[in-house]
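Before any comments, here is the structure.
The values are calculated or read from the model by the stated rules, or taken from the named source; none is laboratory data. The structure presented is a predicted model; accordingly, all values stated were derived computationally and were not measured. Please note: Cβ atoms are built from the backbone with ideal geometry, for glycine as well, and neighbour counts cover all protein chains shown.
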Amino acid sequence: MDDTGAPERIREYAEQAVAYVQRALGVKLEYDSDTLPVMDHYLRTVPTNRAVDGDDDGGADEAKPAIANEQTAAVQLVLATAGAYFGEVVRRRNGGRWELSEAQADWRVVLPTGLNFSPIGFVASAIAQSDLDDLDSELDAPARMQPHVKQALDRMGEVTVEEYYSLCGRLDTLEHIHQVLVAVAAQMMGDMGEEDAGQADEEAAVVEPVADEPSGGVN
């Protein structure tokens, strides 16, 4: 799938990401899984501010990376461009559409099964190596598909934190869940077809025969 299904703004941001990575690392991204590890490597070079939750006496609890709050213009640009690029990788491989809003953090890619996600949220969590309170880094799906998503996620094997938050790991998960939902949707359609056929048989069985109607094949 090419870029014709992407909004112009997304195409421009994605191409900016390609240019930034090529300038920084000397490798051109190809909107595929083979070069996606290069994007992961690039995101690991993005600095994060450390927001530390501490007690009044100066004692510190776990340090958490802050990406969205008080982020620099440079980090904002990385989130937007890398998010557009990753969203395009997913969309071009699996189909689907972009849903844009005024706030970039609310941009979503929706796959044909209804599975959807925030590319910018995924990029932010890849940089932070953590879930963030102010950006969505979770998968979402239509209500009737959510139990199947949860079940499929529960069945997936454990991975390292780095792999879990990497864009490569996210792509693997997205495509696996998408294929699960494709199969579920096909099963639902099959079940509906069987129900319709059964209902038609029942309706045909209660139709009273017409006494004067000839029997036999229709010529």
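Among the residues of the range 150-157, at least one is at pLDDT 55 or above, surrounded by 15 or more Cβ atoms within 10 Å (Cβ to Cβ), touching a helix residue (DSSP H, G or I) at 6+ places or on another chain (Cβ under 8 Å) and within 23 Å of Pro119 (Cα to Cα).
Condition check ((1) small (Gly, Ala, Ser); (2) not in a loop (DSSP other than H, G, I, E, B)) across all residues:
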{"residue": "Pro112", "(1), (2)": "no, no"}
{"residue": "Ile120", "(1), (2)": "no, yes"}
{"residue": "Ser125", "(1), (2)": "yes, yes"}
{"residue": "Ser137", "(1), (2)": "yes, no"}
{"residue": "Gln146", "(1), (2)": "no, yes"}
{"residue": "Val149", "(1), (2)": "no, yes"}
{"residue": "Asp154", "(1), (2)": "no, yes"}
{"residue": "Gly157", "(1), (2)": "yes, no"}
{"residue": "Glu163", "(1), (2)": "no, yes"}
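Residue-level analysis places Val90 outside the set of residues that are within 15 Å of Ile10 (Cβ to Cβ), under 16 Å from the mean Cα position of the chain (by Cα) and without any contact (Cβ under 8 Å) to a residue 40 or more places away in the chain.
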